[in-house]
Each structure stands twice: as structure tokens, then as C-alpha cells.
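Presented below is the structure to which this report refers.
The values are calculated or read from the model by the stated rules, or taken from the named source; none is laboratory data. Just so it is clear, the model here is predicted, and its values are computed rather than measured. Note that each Cβ is placed from the backbone with ideal geometry, even for glycine, and that neighbours are counted across all protein chains shown. When the accessible area is computed, the model is the full protein with side chains, heavy atoms only, and any ligands, DNA or RNA have been set aside. Shrake-Rupley method; radii C 1.70, N 1.55, O 1.52, S 1.80 Å.
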Amino acid sequence: MKALLTPVLLIVVIGGISGLGVLLGLGNAAVLAALCAMFCMLAAFGGSLHADLRLLARFGPTLILAATAPRLLAEITVVGAIALLTVIIFGAGLLPAFGSRYVTVGLGLGMAALFSYGYQLTGAASIGQLLAAPALAVGLAIVVRLLAGARDPSKPTRTAIADLLASEQDAPAGEQPVGAPTDAIERAGRLWFGDRPPRWTGQVLGAALRYHSVRGLLRTQTRVLTSTEAKRVSTTLRAASAEAARLAEHVRAPAAAGSAPEVARAEQPPMPAGAVDLLTELWAALDRVHAASTERATGRVRPPRRQGADLLRSTLRGTLSWRSAQLRHAVRCALGVCLALAVARLHPGDPLTISFLLTTFAVMQPSWRDSLSKARQRVLGSVGGAVLLGLVLWLLPESALLPVALVAVLLGASVMRTAPTVFNGCIVLMAVGMNATTRQLDPRELLIEYLLLIALAVAIGLLFGFAAIPGVRPPSVAERVRSARAATSALLDQVADRPSGQPDSRELSARYRAASLAQQQLTAFEPGGAQPPEATEQALTRLADGLWGVHNVCATLLVDGVPAPLLPWLNWSAATLRAPGTERGRLDNRSEGDSLGNLPTNPGSALDAEHDLLATVLVVDVLRSSNAAEELLAPAQDS
């Protein structure tokens with residue numbers, strides 16, 4: 001049922017704003033209002049109410065500016081408008097470097113800017129209509145998000161933490177994973193840090209992360225136990241999983257309905273000393289979840305004011321470098337769209353110009369495999385849509401084109417993410433049907449022209465999507481992994497030394513820039529190099545996500561300062577990432593001289609709640625990064 005909610009809501013909003021736009025006299029610009037509303041809605045439902053409204057507060061005005069400024073400038077100078085559009089597309093190409101939520105934001109900015117400018121070429125809308133359309137879309141998106149989240153603003157955050165607590169990860173053949181599934185960790189952490197959460201959710205999140213890291217380490221150590229001992233550990237872990245799932249439902253509830261039953265610890269048979277210590281910590285983590293979710297401390301946790309700005313600067317330091325794959329993608333994207341805009345100027349008044357520009361922009365992706373996939377989806381969708389439109393023209397009168405187009409756009413919006421090929425086919429019906437009806441054009445000639453323009457747009461998109469940047473040698477997988485771990489380890493060393501005042505800001509900036517760049521390079525496979533297998537790509541994504549989490553912790557500590565009890569955790573994390581072998585860090589009683597050293601003792605007694613959570617997040621991110629690196633640096637991968 002939940003899977004249907006977003007598409008249905010999207011259809012209602014798009015249909016509603018299109019009708020409202022017509023009633024308000026927006027004319028053809030009502031389609032622009034619907035497009036902007038679609039991207040606003042996609043961006044507005046990714047987190048808690050507070051986080052989503054904060055994103056809309058930044059995205060909304062930027063979207064309005066991107067949709068109107070080039071069109072207004074075109075009244076004065078067309079060359080200047082094309083230059084401004086090129087800059088906007090360049091900026092939109094950089095945005096995904098700031099996280100997965102900004103992929104939709106960047107796509108929305110680029111699409112809205114090109115769509116609005118396309119009206120300048122076709123003369124289909126006035127300036128006043130183009131100014132009002134995106135403003136109406138942003139306003140409606142804010143109202144819808146407020147209505148949807150007003151009753152329970154933090155529900156997405158609680159749900160993500162509860163899902164993390166109850167999550168399980170299946171082990172690959174011959175391996176035992178450390179921690180919960182990466183997507184559960186990433187979502188819970190992102191939503192919590194983006195919210196203004198009550199203190200108890202942070203306590204639950206920290207305990208849940210601790211539970212999963214200890215659980216993963218226990219499963220790892222079963223490989224060196226006897227079969228009887230391993231079976232005993234597995235039985236205890238199943239009992240802990242049942243308790244975690246029960247506690248997750250308590251966390252998910254909007255209010256504590258009385259005190260939940262105490263954690264029922266399974267009877268523990270004789271086990272090795274190291275396993276006993278780990279099991280004690282495992283049950284203690286669940287006890288902390290129970291206490292926090294029952295007491296529900298209501299004080300709000302407020303992140304440092306400068307944390308977001310510092311994180312933004314650190315990401316930009318890594319992105320604004322010619323070695324950054326994201327920067328090179330943004331350059332290629334801007335050049336490709338600039339060429340498409342120049343071609344479009346040769347056919348002023350063509351109603352299909354907008355489809356040509358949007359297709360060119362959509363095909364170009366950071367990865368050449370993704371560019372090829374987008375091109376295939378666009379071609380197959382256009383051919384399929386053309387065949388369906390041909391059947392409509394054969395079986396139905398031309399007066400049916402407009403109703404068919406309206407149905408197609410609503411259907412396409414509902415499957416835009418899940419079935420992009422179907423979405424592209426619906427766009428054919430919408431573009432040809434609406435233009436043929438409103439402009440009294442021959443739909444058959446319009447369909448042929450549409451297919452030719454899509455072919456040209458795909459050609460331009462692939463030309464720049466596949467263009468390798470001269471002088472940049474694509475690094476191998478092993479080089480990417482070693483570089484990213486070493487750069488992040490050096491950053492941790494620098495952050496740990498900061499209380500003594502030894503490093504200067506220039507040195508720290510250089511370390512941040514190197515770590516951010518190396519992390520971005522992990523998943524950036526461009527033209528000129530071999531595309532890795534899917535399993536390798538997944539491991540690289542897990543490694544990049546883990547290192548991104550470490551960078552976030554560093555950004556927080558640079559704002560707050562590093563308390564002395566947290567230094568051992570930073571030193572252990574740096575040593576673990578620096579380790580050349582493939583050993584995992586363990587929560588056992590090994591000596592200080594071991595290659596990875598001990599994890600420090602539970603910091604809860606020496607640190608406040610926020611720094612205790614940061615220490616736990618840091619360890620979990622380091623452990624999952626080490627797991628992914630271990631898989632990637634195996635002999636089979638090095639070859």
C-alpha cells in the first residue's frame with residue numbers, strides 16, 4: 001500500500017496543479033508548473049518534516065530562479081541566456097556530489113531551466129506566466145508536505161531507526177557481514193542528522209548501531225570457534241534478533257504506550273571468553289534501546305550551526321578539482337547542453353524543441369554505463385510510444401489525442417522511477433498529442449519529427465557522455481580503494497591532532513580535499529576505463545558510504561572540538577583504515593600490539609550522549625568500510 005502512496009500523491013498533485021494553472025490563466029505554462037511540482041514533490045518526501053521543509057526552502061527559490069532567469073535574460077540577449085543556462089546545467093551536474101537526495105534536486109533544476117527557456121523558442125507562454133508557474137509549484141509542494149507531516153513530523157526518522165534495529169543482513173557465500181545492511185544504516189543516519197530529533201532517538205540510534213556492529217563481529221568470530229560453540233552463538237543471536245524486532249515496534253510507535261517488557265536475555269551456555277564479552281555488550285546495547293525508548297527524553301538535539309557549512313565546504317574542496325569525476329561530468333553536461341541549445345536556435349518556433357533539450361540533458365550521466373542505459377530507455381520508450389500513438393491514430397479520431405495525452409502524462413508520472421522506459425513512451429503521447437491538438441498540426445508529421453529529434457538528442461548526449469577527458473588516467477579499483485582509505489586515515493590523524501593546535505587550517509583543508517576527492521572517485525567510472533562487475537560496484541558503494549560517514553563525523557568534531565575521551569576512538573579508526581592487510585577490527589581482548597589494536601572501551605561513561613553517538617557511528621562506518629575494502633582487495637579483485 002505504501003508503494004502506491006507516492007505515485008498516487010504525485011498524480012493528484014500534477015493533475016491538480018495543471019488544472020489550477022489553467023484556471024489561473026497560466027496557459028501552456030501550466031505544464032511547466034506541473035513539471036516543477038513533480039520535482040518538488042520528489043524532493044519533499046525523503047525525510048522528516050523539518051528536514052524536508054529545510055530542503056524545500058533552499059530548493060524552491062533556486063528552482064524559481066533557474067526557471068525564470070534565463071528566459072528573462074533572453075529578452076535582452078540570447079547569447080547571454082544560453083551562457084546562463086550552461087552555468088545552471090554545470091551547477092546541476094555538481095549537485096549529486098552532496099548526497100543522493102541532491103540527484104533529484106539537480107535533475108529538477110536542469111529540467112525546469114531548459115523547459116522554461118524552450119518556451120522562448122516556441123513563443124508558447126508569456127513572461128508573466130513563466131514567472132508564476134514555478135512559484136505556484138513550490139508553494140503547493142510546501143502546503144502538501146505540511147499537510148502530510150503535521151500530525152507526526154518525526155515519523156520517518158523513528159521508522160528508519162526502528163527498521164535499522166530490526167534489520168538483518170544475509171551473508172555472502174563464505175563470508176559474515178559486520179553490521180546492519182548499508183542502506184538501513186545510511187537512511188537512519190541521514191534522517192537523524194537531518195532532523196531536529198528528540199534526545200531519545202539519538203540514544204536509540206547509537207545503541208542500535210552498537211548492537212549491529214557487535215552482532216556482526218560475533219558472526220565473524222564464529223569462523224574460528226568449534227561447531228558446537230558456533231551453534232551456541234547462533235542460537236543466542238537468533239534470540240537477540242527476536243528481542244530487537246520487538247523493541248523496534250516500540251521505537252516505531254509515536255508515543256510510549258507504557259513501559260515495554262524488559263529485554264528477555266537468553267540463557268547463555270558456556271562459551272569462549274571473547275564471545276562472552278561480546279554477548280554481554282550485545283545485550284547491554286538492547287537494554288539501552290529499551291531504556292531510551294521507554295523514558296523518551298524530550299530534549300532536542302541541535303547540531304552545531306556551522307556543521308552544514310563546514311561539510312559543504314569540505315565536499316566542494318574535493319569536487320572542484322580536475323581530478324574529480326563529478327566535475328568532469330558537470331563540464332561534459334554543460335558542453336553537451338550548450339551544443340543542443342545552439343542547434344535549437346536553428347529551428348525557432350518548433351514545438352518539439354523542449355523535448356529535444358530535455359532528452360539531451362537526461363541522457364548524460366556521470367557513468368558511461370548509466371548514459372548508455374538512459375539512451376536505451378529513451379530510444380525504446382520513444383519507439384514504443386510511437387507505435388502506440390500510431391495505433392491511436394489508426395483506431396481513434398484525432399480529437400481523442402488530447403485526452404490520451406493527459407492520461408499518458410499522469411500514467412508516466414506514476415512510473416517515472418520504477419519504469420523509465422514506459423515513462424518515456426508516455427512522453428511521446430503527451431508531446432505529440434498536445435502539440436498536434438493545441439497548434440492544429442499534422443500528428444503524423446509531428447511524430448516523425450519527434451523521433452528524429454530524439455535520435456539527434458541521444459547522439460549528442462552519448463557523444464558527451466562517452467567523451468573521455470584528455471590527460472586523466474582512470475585509476476584501477478585497487479588504487480581507488482587504497483587511496484580513499486589512506487586519505488581518510490590521514491584526515492582522522494589531522495582531526496585527532498587538532499586539540500594540540502599543531503595542524504594549521506591550510507593543512508587540514510588539504511587533507512579534507514584529498515579525502516573527499518578520493519571518496520568520490522570510488523564510484524566514478526567514466527569513459528576510457530573498464531566498467532567493473534556489479535558485485536564490485538556494490539562493494540565500492542558500501543565503501544564510499546562508510547567513508548562518507550567518517551567524513552561527516554570529522555566535520556562535526558571540527559565544529560565542536562575533540563574531547564579527550566574520544567581521541568582513542570579516532571586513533572583506532574585511523575589505524576584500522578591504514579592497515580594494509582585484510583584483518584577486521586574486533587571487540588575482544590587482544591593486546592595493544594595487534595595490527596588493528598583494540599576498540600576502546602564503551603565511551604558512554606566518559607562522553608556526553610552526542611559524542612557517545614558519534615563514537616559509535618564512527619566505529620560502525622569504519623568497520624563497514626573495512627569489510628568492503630577487504631572484499632575489493634582480495635586477490636581475485638586485484639587482478
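Here are some notes:
- FRET efficiency for I127 and E534, using Cβ-Cβ distance with R0 set to 60 Å, rounded to 0.05: 0.80
- Radius of gyration, Dmax [the stretch 374-420; alpha carbons; angstrom]: 11.8, 33
- In Å², nearest 10: area of T438 left accessible to a 1.4 Å probe: 80
- Trypsin sites (Lys or Arg not before Pro) lying in DSSP loop within the stretch 127-171, provided at most 13 other Cβ fall within 10 Å: R151
- Distances between placed amide hydrogens fall under 5 Å for A297 paired with W200, all partners being 5 or more residues away or on another chain.
- Sorting E534, E398, E229 by solvent-accessible area of protein heavy atoms yields E534, E398, E229, largest first, with a 1.4 Å probe.
- Only protein heavy atoms count here; under a 1.4 Å probe, K155 has an accessible surface of about 100 Å².
- Figure note: T226, T86 ranked by solvent-accessible area, largest first, 1.4 Å probe, ligands and nucleic acids not counted: T226, T86.
- Shape category assigned to the stretch 42-146 from the gyration tensor of Cα positions, a/c cut at 1.5: oblate
- Accessible area (Å², 1.4 Å probe, nearest 10) - E295: 140
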